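Written out below as structure tokens is the structure these notes cover.
The values are calculated or read from the model by the stated rules, or taken from the named source; none is laboratory data. Here the structure is a predicted model, which is why all the values come from computation and not from measurement. Cβ coordinates were reconstructed from backbone atoms using ideal geometry, including for glycine residues, and neighbour counts include every protein chain displayed.
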Amino acid sequence: MFSLSGKKTLIVGIANSQSIAYGCARVFRQQGADLAITYLNEKAEPHVRPLADELGAEIFLPLDVRDPAQADALFDEISAKWGRLDTILHSIAFAPRDDLHGRVIDCTPEGFGIAMDISVHSFLRMIRKAEPLMPHGGTCMTVSFQGASRVVEHYNMMGPVKAALESAVRYAAAELGPKGISVHALSPGPLLTRAASGIGSFDELLNAAADRAPTHQLATIEDVGAYAAFLASNAAANVTGGVHPIDGGYSIID
């Protein structure tokens, strides 16, 4: 695989060992990257700290993306310890439960705003803070899902939210391309993660996806990590603005 030796990498979104962010962090570390890992809050810390220790994370700090002070502290620490940042992986999304489980047209303004802020705008805020630390270029990645471009039963309001996220990726890629900063959306097929478990009838979706995919296999968090590692490598420096399916071909079948 492509070497990430010495790449300074920020991972946001590890909740447990099933997280997409953890799968990516493992592969990044295997390929030589130095890691900064965040956790959401005191409740999450005991679940994330052992994983950060296992991966030899050099920076381990709390980050609730709604708290500007925590974001400032995180990037100040990255600047002080490393002096630069090569890669960020943003793998977080949230919608209030009642809004997520209801019809899209019934979601509340407050719920929609919270989902957009945490799932989309936080990525833009993160990129803005990373930009000064990427004077020689870098890679910014987030995680989407095919419910952004087609209707997926039970995905509900996260469909429009992920569509906004993918659009934000394209505009950010266009704006930052001249600086050598690439921006990507990883789009795995259905995966059994803690976040996905909040979607109604998700087990049925997983089984249907495995049957439908040309490979008849669901993607794993390691599959996502391998693709993300390529995008973070120097070999992918001229690739940007894409939504990258990692799904055994699931998305090509009608």
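Annotations
- Filter result (small (Gly, Ala, Ser) and under 16 Å from the mean Cα position of the chain (by Cα)) within the stretch 132-170: Gly138, Ser144, Gly147, Ala148, Gly159, Ala163, Ala164, Ser167, Ala168
- Tally of residues being buried (at least 23 other Cβ atoms within 10 Å of the Cβ) and either modelled with pLDDT under 95 or not hydrophobic (A, V, I, L, M, F, W, C) (or both) across the stretch 161-178: 1
- Pairs where the first residue, in the stretch 1-16, is within 9 Å of Ser91 (Cβ to Cβ) and the second is polar (S, T, N, Q), C-beta under 7 Å, 6+ apart: Val12/Thr38; Val12/Ser91; Gly13/Ser19; Gly13/Ser91
- Residue among Val183, Val152 that is surrounded by 15 or more Cβ atoms within 10 Å (Cβ to Cβ), within 18 Å of Leu10 (Cβ to Cβ) and in contact with a helix residue (DSSP H, G or I) (Cβ under 7 Å, 6 or more places away or on another chain): Val183
- Some residue of the stretch 225-235 being of a type in the set (S, T, N, Q), touching a residue at least 60 places away in the same chain (Cβ under 8 Å) and in a loop (DSSP other than H, G, I, E, B): yes
- Some residue of the stretch 197-205 being modelled with pLDDT of 90 or more, part of a helix (DSSP H, G or I) and of a type in the set (Asp, Glu): no
- All of (1) over 10 Å from Gly241 (Cα atoms); (2) not in a helix (DSSP H, G or I) hold for Gly159 with one exception: (2).
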